[in-house]
């Protein structure tokens with residue numbers, strides 16, 4: 001993160017994203033309870049722990065044969081800070097997700113903006129549906145950084161000018177670009193998260209290729225790390241079966 005003074009405010013330029021697991025009720029046992037009730041009725045946690053290999057096999061079977069509902073009986077809530085354009089892609093995922101995002105109607109938006117890191121590939125080659133991204137030249141990287149920073153500065157200065165003149169926040173925010181950072185809480189279950197990861201990350205084990213925008217993939221990778229820790233058997237089965245959501 002870098003800071004640039006501007007008038008009586010400072011603009012922060014970031015190239016990263018924040019993902020924090022703030023609360024969870026998500027374990028592999030949640031899947032087992034839900035799956036076995038159909039044949040065995042209610043079971044205690046001790047019963048589920050008696051045969052870990054059998055539990056592993058059941059979870060793999062559910063994943064492989066796409067019996068999805070047992071993977072819904074859990075919950076993870078993440079705090080996410082990322083550019084607005086990431087959230088607009090994110091919120092296309094509606095089934096099994098709940099969102100609450102900060103509001104530019106009710107609070108003054110802070111001057112934190114996205115500028116790609118030097119390792120961000122800049123140039124798209126090929127036609128839609130069949131393309132790759134390549135590095136870009138030093139001149140292109142310099143142009144992107146300089147142009148974004150200048151644009152952000154002008155936009156935020158205009159935003160502040162309107163607020164100072166008494167213009168409502170909900171009107172003044174219209175001048176701010178999608179590179180502005182926003183924050184939200186996002187709650188999901190393992191099944192909805194698997195669907196998200198299948199579309200928003202690239203992985204060598206994926207049966208179905210995906211071509212996500214890098215910035216939303218950065219969010220997905222951090223969410224995946226937290227989920228893998230909470231539900232290791234479910235996570236292993238997801239990877240073993242081609243990273244296709246059940």
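When the residues of the stretch 92-106 are filtered to those that are in contact (Cβ under 8 Å) with a residue 60 or more places away in the chain and either in a loop (DSSP other than H, G, I, E, B) or out of contact with any strand residue (DSSP E or B) (no Cβ under 9 Å at 6 or more places or on another chain) (or both), the one that is farthest from residue 212 (Cα to Cα) is 106.
Table: residues versus (1) surrounded by fewer than 12 Cβ atoms within 10 Å (Cβ to Cβ); (2) outside any strand (DSSP E or B); (3) at pLDDT below 70.
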site: 33; (1), (2), (3): no, yes, no
site: 48; (1), (2), (3): no, yes, yes
site: 58; (1), (2), (3): no, yes, no
site: 66; (1), (2), (3): yes, yes, no
site: 70; (1), (2), (3): no, yes, no
site: 87; (1), (2), (3): no, yes, no
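In the set 159, 152, 114, 185, only one residue is within 21 Å of the chain's Cα centre (by Cα), surrounded by 11 or more Cβ atoms within 10 Å (Cβ to Cβ), touching a residue at least 24 places away in the same chain (Cβ under 8 Å) and over 30 Å from residue 29 (Cα atoms); that residue is 114.
If you go through the stretch 231-240 one residue at a time, do you hit one that is in contact with a strand residue (DSSP E or B) (Cβ under 6 Å, 6 or more places away or on another chain) and either part of a loop (DSSP other than H, G, I, E, B) or under 30 Å from residue 59 (Cβ atoms) (or both)? Within the stretch 231-240 (the criterion being in contact with a strand residue (DSSP E or B) (Cβ under 6 Å, 6 or more places away or on another chain) and either part of a loop (DSSP other than H, G, I, E, B) or under 30 Å from residue 59 (Cβ atoms) (or both)), the answer is no, since none of the residues qualifies.
Taking the condition touching a residue at least 12 places away in the same chain (Cβ under 8 Å) and over 30 Å from residue 55 (Cα atoms), does residue 144 pass? Yes; evaluated as a whole, the condition is true for this residue.
The values are calculated or read from the model by the stated rules, or taken from the named source; none is laboratory data. Because the structure is predicted, anything quoted here is derived from the model rather than measured. Cβ atoms come from the backbone with ideal geometry, glycine included; neighbour counts cover every protein chain shown.
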